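Here is the structure we will look at, set down as structure tokens.
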Amino acid sequence: MATLFALQARLEKTVLEQNNPIITTISNQLKAQNYRAKFSGTQIQTWSEQFELSPVELALHCLPLAACYALVPVSNFYVGAVAIGVSGNFYFGANQEFSATAMQQTIHAEQSAIMHAWLAGEQSIQDMIVNHTPCGHCRQFMNELNTAKTLKIHLPHSQNNLLHNYLPDSFGPTDLNITQVLFDAQHHTFEPSTDPLTQAAIVAAQQSYAPYSQAMSGIALQVGEQVITGRYAENAAFNPSFLPLQSALNYRRLSGLLDEKITRIVMAEKQAVLSHRGITEELSQTLLHLDIEYIAV
Ligand SMILES: [Zn+2]
């Protein structure tokens, strides 16, 4: 399992290879904030003025650094992404693969950046910047967003393309009569718990997005002194749905907490026509050697 040391080494190597003062500045700031891979809109505005770059141009410079957060034991193929929220904040994302388990548990870089932003409380995503052309799975995943019609994709070789240029004649939530989509507020209420970690998982489940199965679910990880949560995000095409443990592990990684030991995992899930309990237990046992505490809500 990749450690903080490995991330630091990759960032240092990237800074040397790129030999670009903008990338050096951004990398130094990542270090200063303990590798938390998010920048505020205010920080971005300062850099935009300092380097005379638009936010999208700045995000393109961030890509080699975002790719350093990848976990790629299978492909050794580093994908970095930056999601720009309506707040102006930048959220990094990177692909993550888990060896010794199924390919289907993989996290794509665009999903990583979007789920990072969603958990951080962002209201919508305006721009997606990524160092490789989005795959079909990610195009479909992004079509679930409340900004799918206006979302712009920016690649090193081509900028300002609408998502729907990459996904013409698309199938999405409106085809299944869903109007409150991903990033719109979700209002589910479940019975509370007195255990703080369990309660955190229940709150995450309340905020999760599962309009097709109604199997709302959330995860809470005890990571040292901190609690990190993850939420399930469903997709109209089902398979690109994003699981709650992936969501939490992704947030932990992009928060720079790679080496912090996870001591407890709680999963809260609404009882429905399907369940992600089995697949979540499988990843938890394979990757973290931990059993999950499962709460039916
Ligand atoms: Zn993808």
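Please treat every number below as a calculation from the coordinates, not as lab data. Everything quoted here is computed from the prediction, not taken from an experiment. Note that each Cβ is placed from the backbone with ideal geometry, even for glycine, and that neighbours are counted across all protein chains shown.
Find, among the chymotrypsin sites (Phe, Trp or Tyr not before Pro) in the stretch 204-297, those assigned to loop by DSSP (not H, G, I, E, B) with at most 16 other beta-carbon atoms within 10 angstrom. Could you put the intermediate results ahead of the total?
Details: sites: 209, 212, 232, 238, 242, 251, 294; in loops: 212, 232, 238.
Passing both the DSSP loop test and the Cβ count: 238.
Remark: spin-label model distance residue 13-residue 194 equals 5.2 nm, labels positioned 7 Å along the Cα→Cβ axis. Maximal additional length on extending the residue 238-residue 120 stretch stands at 40.1 nm, based on 0.36 nm per residue less the C-alpha distance.
For the stretch 46-111, applying the loop criterion from DSSP together with a ceiling of 15 other beta carbons within 10 Å to the chymotrypsin sites (Phe, Trp or Tyr not before Pro) yields 77.
In a fully extended conformation the segment linking residue 162 and residue 43 would gain 40.2 nm over its present Cα-Cα distance, using 0.36 nm per residue.
Working from label points 7 Å from Cα in the Cα-to-Cβ sense, the residue 273 to residue 285 distance is 2.8 nm. Along Cα→Cβ, 7 Å out, is where each label goes; now give me the distance between the ones at residue 135 and residue 5 in nm to one decimal. Spacing of the two 7 Å Cα→Cβ label points: 3.1 nm.
Our Cα-only numbers for the stretch 196-296 put the radius of gyration and Dmax at 12.5, 38 Å.
May I ask you to work out the translational diffusion coefficient for the chain at 20 °C, viscosity 1.002 mPa s, via Stokes-Einstein with Rh from the Kirkwood sum over Cα pairs, reported in whole µm²/s?
111
Once the chain from residue 155 to residue 76 is taken as fully extended at 0.36 nm per residue, the excess over their C-alpha distance is 26.4 nm.
Between exposed GluC sites (Glu not before Pro) in the chain, where DSSP calls loop and at most 16 other Cβ atoms lie within 10 Å, what's the longest gap? Looking at the chain, 53-224 is the longest stretch - no exposed GluC sites (Glu not before Pro) with at most 16 other Cβ atoms within 10 Å.
When we measure straight from the Cα of residue 13, which lysines land under 27 angstrom away, once same-chain ones fewer than 8 places off are left out? Partners within reach: 31, 38, 261.
With helices as the sole contributors, the chain gives -10000 deg cm²/dmol at 222 nm; each DSSP H run of n ≥ 4 counts as -39500 (n - 2.57), and the sum is divided by every residue.
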